[in-house]
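A quick write-up on the structure given underneath.
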Amino acid sequence: MYAQMVKSEATQDDPEKLAAFQARIDRGEKIEPKDWMPEGYRKTLIRQIGQHAHSEIVGQLPEGNWITRAPTLERKAILLAKVQDEAGHGLYLYCAAETLGVSRDELTEMLLDGRMKYSSIFNYPTLNWADIGAVGWLVDGAAIMNQVPLQRTSFGPYSRAMIRVCKEESFHQRQGYDAIRKMAEGTPEQKKMAQDALNRLWFPSLMMFGPSDKDSVHSEQSMAWKIKMNTNDELRQKFVDQTVPQIEFLGLELPDPGIKWNEERGHYDYTDPDWSEFFDVIKGNGPCNTDRLAARNNAWKDGAWVRDGLLAHAQKKAARKHAAE
Ligand code: 3HC
């Protein structure tokens, strides 16, 4: 439906302008906020960048949950820094979306009332410390796999935001891998916890790349516009190929009996996630959807006095300036 709307809007645009725009994309030029762009391009970017920003912000919740219970002071300081980085990523991305004519408040309202999505992965719980290691290793690992190519995306502010985000995400992935390695090499109980976290988070991590290519609504148009650089299945396969040797190095068991090296394809075969579960989670029926949105709504309500205070201060300053002129 949305993809059809975007396509029909694209065809309403002046064909000459559209062709010149596509030629710029094809030449690898960056599109900047004040350049002419098809309405569908603008809307698709607002949707994708907005969803991405919301994912960074909501993604702080499952990890923030463990800051007070980190096993050592060092792990606590690292986790605190990581969760703060995610807030920063959300802010860069909201700023990039604002250059397209939507305000951060509007985007936030659309998240809070369920009109906009955030990544499915954050609707799963983090039950223990091993989950925090697995989130850094697998979830940030999947995020980087998706976001490194986005550094070359056609929209200038988005691609530039991605450069810094990717540097920080790499640190996040390494800290997660280090935490899970420590547990995998630890006592039998710790190793069991690491295995259990891997087993539970494996398929939800694969879901982060989106539905299979045959069910992806936006990929074709988004790839033509270089808003997306790869299909969902291409990136999912790269993630599996990168992660299986890491699992083996850690001495953990593979979380899916369907994982097997396929000599002919030069890739690992693997079992697809349960797509009915994925669609259910993005409809709002995952294990933590209600909690996550309630937490964000409460934070928005609790912060009202700060926003009101800042607005009153800005209005007073503007009135003083006006009176002095
Ligand atoms: N979670 C929630 N919704 C998802 C999803 C997921 N994992 N994957 C797809 N969807 C939604 C899409 O938004 C779309 O719904 P909509 O039409 O209502 O917006 C629908 O499912 C169909 O999927 P498509 O494949 O057609 O959608 P896209 O072309 O947008 O592809 C995507 C999905 C690959 C996630 C793409 O949007 C993308 O690359 N986004 C940028 C990266 C991003 O958002 N990452 C979030 C990861 S979390 C993170 O970075 C935090 C870090 O700290 C770990």
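Give me the extension gain from residue 19 to residue 104: residue separation times 0.36 nm, minus the current Cα-Cα distance, reported in nm with one decimal. Kindly include the intermediate steps, with their values, before the conclusion.
Numbers: separation 85, 0.36 × 85 = 30.60 nm, distance 3.14 nm.
Net length gain for the segment: 27.5 nm.
Specify whether the C-alpha gyration tensor of region 170-295 places it in the rounded, prolate or oblate class, a ≥ b ≥ c being the square roots of the eigenvalues: rounded for a/c under 1.5, otherwise prolate if a/b is larger than b/c and oblate if not.
It comes out oblate by the Cα gyration axes.
Project the alpha carbons of region 29-170 onto their principal axes and report the range along each, largest first, in whole Å.
52, 32, 19
Taking the chain as a Gaussian network, where each spring joins two C-alpha atoms under 10 Å apart, which residue of 210, 251, 90 fluctuates the most?
251
Which value, in debye to the nearest 20, describes the size of the charge dipole of the chain about its Cα centre when Lys and Arg Cβ atoms bear +1, Asp and Glu Cβ atoms bear -1, and nothing else is charged?
Computed charge dipole of the chain: roughly 1200 debye.
Just subtract the alpha-carbon distance of residue 295 and residue 314 from 0.36 nm times their residue separation and send over the number in nm, one decimal.
In short, 4.0 nm is gained.
What is the calculated FRET efficiency for residue 76 to residue 305, with r their C-beta to C-beta distance and R₀ = 30 Å, to the nearest 0.05?
Efficiency, rounded to the nearest 0.05: 0.55.
Take the Cα gyration tensor of region 265-325, multiply each eigenvalue by 5, square-root it, and list the three semi-axes largest first, rounded to whole angstrom.
Gyration-tensor ellipsoid for region 265-325: 50, 18, 8 Å.
Sort 56-65, 180-189, 71-80, 238-247 by packing, meaning the average of other beta carbons within 10 Å per residue, with the highest value first. Show your work: numbers first, answer last.
Details: 56-65: 21.0, 180-189: 15.9, 71-80: 14.2, 238-247: 17.6.
In descending order of packing, they fall as 56-65, 238-247, 180-189, 71-80.
Nearest 0.05, what FRET efficiency do residue 285 and residue 128 give at R0 = 30 Å with Cβ-Cβ as r? Let's see the in-between values first.
Numbers: r = 24 Å, r/R0 = 0.80.
Calculated transfer efficiency: 0.80.
Rounded if a/c is under 1.5, else prolate if a/b beats b/c, else oblate: with a ≥ b ≥ c from the C-alpha gyration tensor eigenvalues square-rooted, which is the chain? Walk me through the numbers on the way to the answer.
Details: a/c = 2.04, a/b = 1.25, b/c = 1.63.
Note, shape of the chain comes out oblate.
Each reported figure results from applying straightforward, stated rules to the coordinates on display, with no laboratory input. Note that the structure is a prediction, hence the values are computed from the model and not measured. Neighbour counts run over all protein chains shown; Cβ positions are idealised from the backbone, glycine included.
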